[in-house]
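Visitor: Let me give you the structure first, and then I'll get to my questions.
The values are calculated or read from the model by the stated rules, or taken from the named source; none is laboratory data. What you see is a predicted model, and the numbers here were worked out from it, not measured in a lab. Here the Cβ positions follow ideal geometry from the backbone for every residue, glycine too, while neighbour counts run over all protein chains shown.
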Amino acid sequence: MTASMTSTYPFEPTPQWTTVNPRPLPPLLTRGEVLEKPSLPSPPRNELFNDNYVVSTHLVPAACPRLAPDIPLPVVPKFSTNASDRKRELKQLAAEFAERQDRFEHGRLSGEGSEKPLWNCVNRYAKRVQDGRKGLTLFLTHATGLPKETWETTLRYLLSSPSASLIDEVWSWEAVQHGDAALVNEANLGGIYDWLDSTRDIVHFLLHYLPEDASSKALPTHLDLLPETISEYRKTKGFSSRSLVSVGHSFGGCCLIPAAVNFPALFSSMVLVDPIIVQNHNGPPNTVRLYVTLARRDRWPSREEALRSLKTSPFFAGWHPDALRLYVAYGLCEDSRGGVKLKMSSLHEALVFAGRIGSFEAWELLEKVDERIELHWVVPGKPEDKGFKGEEATRIRVWRRPANSSNVVIHSAGHLIPQESPEELAREISAFLERKYGLRSKAHL
């Protein structure tokens with residue numbers, strides 16, 4: 001029943017749960033050439049990533065229409081030197097977030113899904129010399145609050161390992177309110193967010209914009225819309241010239257599950273890095289988490305000061321130094337005051353955290369992921385952090401789909417495995433790829 005890879009946690013059955021009746025994935029509309037094409041907000045990358053791979057940055061339209069209605073962004077109270085007043089105001093705002101999200105998730109918030117144009121930003125890491133055979137394409141999805149470049153420390157270890165011989169391309173995807181995508185979409189982002197829209201964005205990219213073949217040739221900033229015949233073929237038969245391995249961390253790992261359930265042909269295997277996949281519970285939303293997010297600092301006089309400040313923060317204290325430097329380099333931008341600010345505001349980060357139904361739906365849908373798609377779980381093992389919602393929840397989560405699954409614990413990291421232990425994570429991904437694909441002819445991938 002299980003994959004041949006050894007697991008750290010032995011099988012545990014799933015306890016009974018109360019269904020949330022996961023929603024079907026609504027259809028996607030393609031806008032073609034109708035949209036006005038924005039420019040990249042940061043200097044475009046078209047440079048060597050290492051001796052064998054080149055990195056470039058691209059834009060693709062997000063799914064339309066959105067599931068969430070187009071409602072105005074909440075107004076964050078202006079900064080006050082009176083700490084108690086500011087704390088009270090932010091706690092009130094967090095409570096309003098939670099209450100509105102609850103109304104939305106129970107169908108009590110009126111309004112049609114927004115049709116304002118939004119964009120996803122993706123980085124492509126392409127092998128400079130392709131051999132023309134069908135190799136692996138890695139598709140990476142990030143955690144809440146972190147830009148797509150947060151994967152690059154892990155990638156530097158992975159793409160210099162022996163398993164790099166199997167990898168033709170890597171695509172690192174960015175949700176609409178994160179990183180450079182947040183800057184592109186700033187004027188059109190609304191005041192509520194549905195995680196299922198990120199799933200739809202992922203599917204939209206994989207069906208309609210991921211090029212047919214892995215190639216060393218340069219691609220345009222705005223990827224071309226594929227012919228409908230190719231997209232329809234992919235829905236049932238997958239990619240003709242790729243084998244897709246998705247690697248999803250936290251929020252990003254959660255968003256992959258409905259995509260795999262609805263379009264299993266697209267996926268060959270999945271590496272799930274402590275995804276936020278949680279059993280349904282009827283308790284109130286966590287307003288403490290929302291308050292802490294809203295209260296976090298998001299501006300500094302300079303990048304140097306930001307780096308110094310973040311190094312003293314308990315949240316960033318355990319990060320690999322290269323991962324922290326990448327966060328400062330790609331998660332921040334210049335602001336109008338002459339300093340720097342987070343590309344993703346604390347407001348939008350809190351709006352993402354406010355969503356709960358997506359993680360409940362993914363937990364329930366896990367058992368429906370096609371058994372052909374091998375699942376490899378990578379979960380944390382620090383004494384104070386043994387996975388989202390604790391070790392018991394993690395032990396159950398990794399066996400929600402027991403067939404063709406395996407798991408490993410990284411004891412050196414908490415939830416932020418790619419940021420805290422990128423080298424060990426790269427070794428685990430490499431071992432998985434070599435075990436699953438390395439002993440087979442590339443012609444049969």
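Visitor: Has the range 303-310 got any residue that is in contact (Cβ under 8 Å) with a residue 60 or more places away in the chain and small (Gly, Ala, Ser)?
Guide: no
Visitor: Does residue 20 meet the test of being outside any loop (DSSP other than H, G, I, E, B), touching a helix residue (DSSP H, G or I) at 6+ places or on another chain (Cβ under 6 Å), under 30 Å from residue 264 (Cβ atoms) and modelled with pLDDT of 90 or more?
Guide: Numbers: outside any loop (DSSP other than H, G, I, E, B): no; touching a helix residue (DSSP H, G or I) at 6+ places or on another chain (Cβ under 6 Å): yes; under 30 Å from residue 264 (Cβ atoms): yes; modelled with pLDDT of 90 or more: yes.
Spelling it out, it is not the case that residue 20 is outside any loop (DSSP other than H, G, I, E, B), touching a helix residue (DSSP H, G or I) at 6+ places or on another chain (Cβ under 6 Å), under 30 Å from residue 264 (Cβ atoms) and modelled with pLDDT of 90 or more.
Visitor: In this structure, does residue 201 turn out to be in contact with a Lys or Arg (Cβ under 8 Å, 6 or more places away or on another chain) and crowded, with 21+ Cβ neighbours inside 10 Å?
Guide: The answer is no for residue 201.
Visitor: Which fully enclosed helices (runs of 4 or more DSSP H) of the range 245-336 have 2 or more residues being in contact with a strand residue (DSSP E or B) (Cβ under 8 Å, 6 or more places away or on another chain) and either of a type in the set (Val, Ile, Thr) or farther than 30 Å from residue 23 by Cβ (or both)?
Guide: 303-311
Visitor: Let me ask another. Name every residue in the range 417-427 that is of a type in the set (D, E, K, R) and either under 14 Å from residue 160 (Cα atoms) or surrounded by 24 or more Cβ atoms within 10 Å (Cβ to Cβ) (or both), in order of residue number.
Guide: Answer for the range 417-427, where residues must be of a type in the set (D, E, K, R) and either under 14 Å from residue 160 (Cα atoms) or surrounded by 24 or more Cβ atoms within 10 Å (Cβ to Cβ) (or both): 423, 424, 427.
Visitor: So is residue 225 touching a His at 6+ places or on another chain (Cβ under 7 Å), hydrophobic (A, V, I, L, M, F, W, C) and either more than 30 Å from residue 87 (Cβ to Cβ) or at pLDDT 95 or above (or both) or not?
Guide: When the stated conditions are applied, residue 225 passes them.
Visitor: Return the residue satisfying two criteria in turn: it lies in the range 213-231 and is hydrophobic (A, V, I, L, M, F, W, C) and over 24 Å from residue 263 (Cα atoms), and of such residues it is surrounded by the fewest Cβ atoms within 10 Å (Cβ to Cβ).
Guide: 218
Visitor: Taking the conditions exactly as written (over 30 Å from residue 372 (Cα atoms) and either touching an Asp or Glu at 6+ places or on another chain (Cβ under 7 Å) or small (Gly, Ala, Ser) (or both)), does residue 179 satisfy them or not?
Guide: Yes, satisfied.
Visitor: Now for a separate question. Mind listing whichever residues of the range 248-301 are more than 21 Å from residue 429 (Cβ to Cβ) and among the polar types (S, T, N, Q)?
Guide: Across the range 248-301, the qualifying residues are 262, 279, 280, 282, 286, 287, 293.
Visitor: Could you list, in sequence order, the residues of the range 235-244 that are assigned to a helix (DSSP H, G or I) and not charged (D, E, K, R)?
Guide: Step one: filter the range 235-244 for residues assigned to a helix (DSSP H, G or I), giving 235-237.
Within the range 235-244, just 236 meets the criteria.
Visitor: Pick out, from the range 29-130, the strands (runs of 3 or more DSSP E) lying fully within it that include 2 or more residues that are surrounded by fewer than 17 Cβ atoms within 10 Å (Cβ to Cβ).
Guide: 46-48
Visitor: Would you check which residues across the range 262-281 are surrounded by fewer than 23 Cβ atoms within 10 Å (Cβ to Cβ) and in contact with an Asp or Glu (Cβ under 9 Å, 6 or more places away or on another chain) and list them?
Guide: Matches in the range 262-281: 264, 265, 268, 269, 279, 280.
Visitor: Consider residue 362 carefully, then state whether it is among the small types (Gly, Ala, Ser) and surrounded by fewer than 17 Cβ atoms within 10 Å (Cβ to Cβ).
Guide: So residue 362 does not fit the description; no.
Visitor: Please tell me if residue 361 is over 16 Å from residue 143 (Cβ atoms) and out of contact with any Pro (no Cβ under 9 Å at 6 or more places or on another chain).
Guide: No, not satisfied.
Visitor: Also: Evaluate the range 415-437: report whether one residue or more is under 22 Å from residue 279 (Cα atoms) and either modelled with pLDDT under 95 or in contact with a strand residue (DSSP E or B) (Cβ under 7 Å, 6 or more places away or on another chain) (or both). Write out each step before concluding.
Guide: Within the range 415-437, the subset under 22 Å from residue 279 (Cα atoms) is 415-417.
With either modelled with pLDDT under 95 or in contact with a strand residue (DSSP E or B) (Cβ under 7 Å, 6 or more places away or on another chain) (or both) added as a condition, the list becomes 415, 417.
Within the range 415-437, one or more residues are under 22 Å from residue 279 (Cα atoms) and either modelled with pLDDT under 95 or in contact with a strand residue (DSSP E or B) (Cβ under 7 Å, 6 or more places away or on another chain) (or both).
Visitor: Where the second residue is surrounded by 13 or more Cβ atoms within 10 Å (Cβ to Cβ) and the first is of a type in the set (D, E, K, R) and lies in the range 15-28, which pairs have Cβ atoms under 8 Å and are six or more apart or on separate chains?
Guide: Hits for this filter: 23/196; 23/361.
Visitor: Looking at 367, 392, 384, 349, which is the one that is under 26 Å from residue 9 (Cα atoms), surrounded by fewer than 23 Cβ atoms within 10 Å (Cβ to Cβ), in contact (Cβ under 8 Å) with a residue 60 or more places away in the chain and out of contact with any Leu (no Cβ under 6 Å at 6 or more places or on another chain)?
Guide: When all the criteria are applied, what remains is 367.
Visitor: Using the structure shown, decide if residue 184 is within 29 Å of residue 236 (Cα to Cα) and modelled with pLDDT of 95 or more.
Guide: no
Visitor: Still on this structure: Name every residue in the range 242-264 that is in contact with a Ser or Thr (Cβ under 6 Å, 6 or more places away or on another chain) and within 14 Å of residue 206 (Cα to Cα), in order of residue number.
Guide: If the condition is that a residue be in contact with a Ser or Thr (Cβ under 6 Å, 6 or more places away or on another chain) and within 14 Å of residue 206 (Cα to Cα), then 242, 243, 244, 245, 255, 256, 258, 259 are the ones that fit.
Visitor: Then there is this: Name the residues in the range 270-319 that are touching a Leu at 6+ places or on another chain (Cβ under 7 Å) and among the acidic types (Asp, Glu), would you?
Guide: Hit for the range 270-319 is 298, nothing else.
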